[in-house]
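Working notes, structure below.
The values are calculated or read from the model by the stated rules, or taken from the named source; none is laboratory data. All figures in this text were calculated on a predicted structure; none of them were measured in a lab. Quick reminder, even Gly has a Cβ in these numbers, built from the backbone with ideal geometry, and neighbours come from all protein chains shown.
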Amino acid sequence: MVYKPKILIVDDSEMNRIILSDILEEQYDLIEAASGLQAVAKIIEYGQNLSLILLDYMMPEMDGFELLSTMSDRGWKGEIPIIMISAETGSDFINKAYDLGIEDFITRPFDARIVLHRVNNTILLHSKQRHLEHLVAQQVKEKHHQSDMLINILSHIVEFRNEESGRHILNVRRITKLLLKELRKEDPNFTISDEKIELIALASSLHDVGKISIDDKILNKPGKLTEEEFEIMKQHTVKGAEMLRRVPNYQEEELVQIAIEIARWHHERYDGNGYPDHLVGEQIPIAAQVVSLADVYDALTEERVYKKAFSPKKAIHMILNGECGAFSPKLLSCLTRLQNDLKQIDLAKDTVDMLDPKQFTEIKFERVLSNMVYEREKYSFYTKRSQEMRFEYTLHPPILTMSELAAYKLNVNPVIPDPNTNPGLIKSFGTKNIQKILAHMDQLSEQDPECEFELLVSVLGEKRWWNIILHANYNERICDGYFGLFVDIHDEKMQRSQLEHNANYDNLTGLMNKAYAEQLIQERMNKTGDGNFAFVIIDLDHFKWANDRHGHLFGDEVLRYFASLIKKNVRSSDISARMGGDEFILFFQYPKRVEPIIKRLFCSLQGQYKQYPVQISMGVATTKTCAHNFDQLFMKADELLYEAKKSGRANYKISE
């Protein structure tokens, strides 16, 4: 199969999409979106698998400019090249489009050859630009490799003197990267480049460089420090910043400036109860805030001379509970969402412990960690580009975490503390559905931990059927949370419903067909037992005359008209069906005597449709004279109908 680059065509006009498809379909794999909101969903689904977006301006709900702004807010600007196609030709309009991040602009009406050439050139240019960026990044990476190595050596000297494993530095760097990337994703006001993230992560390696100046007896004391000893220990922050500030020739380097901030302020706390300067809130540089949280988490999960290691779950609980001081709420939210990623780092610790200490080196550890991160990123890549909507619900604390696609479709944040009372979630699911989900959770057990059920959910303002797959997670016989999938089954369910309707109902009249009526009639008699039922076969008198004189289309109109009379004159609990041709079935339960009901029906089901007098003959069989059996009732009613027609039509016969 030949690979074709994918192009997303965003236009509310189906005709415009068809025209562009005709031009491009031979060379490209085309995906269509009829609105800006649909386009956002497609971009989330396909991501950087898209080679180009062709964007219309005039669209309902979200126009082209609003879509460009949304892409910019989500950090997608520049990731996928965009060509705008519009009839607008004003310079202000076109300049605004370029300011919002488009690569090219094509005016309507357009020439097919021009569109094809501009599309080809834009995709080729973007591809070359990406390649050049990659080459430059590789060169920069090589230049930073030596300084990275020297910083690692220095930081490991600090860790060695502190009688701690060298992996603490590596873990803090990794967690720092994860937190910064997650914060960028969560907070649209926090903009930071990948290069800056790498710089902060590298600088984090020197966060405890000041411990070189602390006496070994205090640094490695197995018990609790005295107040005097703790005051000395706290000086490592000030001394570390001073050491870095006195490094000759490099004071103006951004890496050194960040390292100074981290070294001095990584023990500050968001409420001002940290040290050495008691900074409050955003007075603390973001680099120091992030490294502080990373340092605390890894310290809790590592074994130290003065304590045993806590589990990752316990460590996060302690941090969220404020047992390690106050941190930024946004960073705590990021930490919560990164629980699975942090488990990968904790798994890396176990892997290192299994290595032969004589063979352990920095390079081997980095390789193990790199492979694990690769597997995590690969999993994230595939799930983001599929229709898979994942969720995880922890009980202590109660936090619901969802994949980006699920959060987008439900119009809620990916991380929701105390989801049972969240207004956005209640709006999307409804109170009854949330209660139903909780009821299913209560029914799960360690022996039977999984269930599936369907719910009607509000998705981007539209009611859609979702299948919920729920799995309870048990830890030492105690349920500590749930995880699962949301699967959109709406289209499939609607198609199945339509197929079932087509199989059970007459397309012309909308009444049931004979086979479905037979099934329901027999079920009704079996369920009710000795009730009084009437089975009626109705025949339109002289219907062949209407067909022959006025044509079959007129005959169809008569049949639809008669079906509407039936619907108006029967109860919702009664069964009415078209047998075929001009014959119909009625089945209903009656209390004592059936004839008054039949007489009323006989009068109500006659009239005039245009030139055709609607007259009927009826045969009525009852369960008083026949067994509770469809075939016997049908045969008896059919005999009585024949008698009614034989006696001159326009009357009825009853077997009562």
*Restricting attention to segment 631-647, which residues are buried (at least 20 other Cβ atoms within 10 Å of the Cβ) and under 56 Å from the mean Cα position of the chain (by Cα)?*
Leu633, Phe634
*Give me a count of the residues in segment 179-194 that are in contact (Cβ under 8 Å) with a residue 24 or more places away in the chain, surrounded by fewer than 24 Cβ atoms within 10 Å (Cβ to Cβ) and either in a helix (DSSP H, G or I) or touching a Pro at 6+ places or on another chain (Cβ under 6 Å) (or both).*
5
*Tell me, yes or no, whether segment 202-212 has at least one residue that is without any contact (Cβ under 8 Å) to a residue 40 or more places away in the chain and at negative phi.*
no
*May I ask you to verify whether Ala309 is in contact (Cβ under 8 Å) with a residue 24 or more places away in the chain, surrounded by 15 or more Cβ atoms within 10 Å (Cβ to Cβ) and either part of a helix (DSSP H, G or I) or touching a helix residue (DSSP H, G or I) at 6+ places or on another chain (Cβ under 6 Å) (or both)?*
no
*Within segment 9-48, can you find the residues that are within 21 Å of Asp73 (Cβ to Cβ) and surrounded by fewer than 22 Cβ atoms within 10 Å (Cβ to Cβ)?*
Ser35, Leu37, Gln38, Val40, Ala41, Lys42, Ile44, Glu45, Tyr46, Gly47, Gln48
*Return the pairs, sorted by first residue and then second, in which the second residue is in a loop (DSSP other than H, G, I, E, B) and of a type in the set (A, V, I, L, M, F, W, C), the first residue lies in segment 278-294 and is in the same structural domain as Ile262 (by TED's automatic domain parsing) and within 19 Å of Thr191 (Cβ to Cβ), the beta carbons are less than 9 Å apart, and the residues are 6+ apart or on different chains.*
Pro285/Leu279; Ile286/Phe190; Ile286/Ile192; Ala288/Leu279; Gln289/Phe327
*Answer yes or no as to whether Ser617 is surrounded by fewer than 18 Cβ atoms within 10 Å (Cβ to Cβ), among the hydroxyl-bearing types (Ser, Thr, Tyr) and touching a residue at least 24 places away in the same chain (Cβ under 8 Å).*
no
*For Ser205, all conditions in the list (1) polar (S, T, N, Q); (2) surrounded by 14 or more Cβ atoms within 10 Å (Cβ to Cβ); (3) over 40 Å from the mean Cα position of the chain (by Cα) hold save one; what is the number of the exception?*
(3)
*Counting just the residues of segment 41-77 that are out of contact with any Ser or Thr (no Cβ under 9 Å at 6 or more places or on another chain) and outside any helix (DSSP H, G or I), which one comes out farthest from Lys185 (Cα to Cα)?*
Leu54
*Within segment 100-122, considering residues that are hydrophobic (A, V, I, L, M, F, W, C) and within 32 Å of the chain's Cα centre (by Cα), the one surrounded by the most Cβ atoms within 10 Å (Cβ to Cβ)*: Val119
*Search segment 473-513 for residues being among the hydroxyl-bearing types (Ser, Thr, Tyr) and closer than 30 Å to Leu410 by Cα, and hand back the single one that is surrounded by the fewest Cβ atoms within 10 Å (Cβ to Cβ).*
Ser497
*Go through (1) modelled with pLDDT under 85; (2) in a helix (DSSP H, G or I); (3) basic (Lys, Arg) and name the single condition Lys239 misses.*
(1)
*When segment 600-614 is examined, which residues are found to be over 57 Å from the mean Cα position of the chain (by Cα), of a type outside the set (A, V, I, L, M, F, W, C) and loosely packed, with under 12 Cβ neighbours inside 10 Å?*
Gln611
*Please specify each residue of segment 282-306 satisfying the condition of being in a loop (DSSP other than H, G, I, E, B), surrounded by fewer than 20 Cβ atoms within 10 Å (Cβ to Cβ) and in contact with a Ser or Thr (Cβ under 9 Å, 6 or more places away or on another chain).*
Glu302, Glu303
*Please work out which residue is surrounded by the most Cβ atoms within 10 Å (Cβ to Cβ), limiting yourself to segment 56-99 and to residues that are of a type in the set (Ser, Thr, Tyr) and within 19 Å of Ala34 (Cα to Cα).*
Tyr57
*Of the conditions (1) over 43 Å from the mean Cα position of the chain (by Cα); (2) without any contact (Cβ under 8 Å) to a residue 12 or more places away in the chain; (3) closer than 30 Å to Lys624 by Cβ, Ala515 clears all except one; give me its number.*
(1)
_Looking at Ile597 and the list (1) loosely packed, with under 15 Cβ neighbours inside 10 Å; (2) modelled with pLDDT of 90 or more; (3) under 21 Å from Phe562 (Cα atoms), which single condition is not satisfied?_
(1)
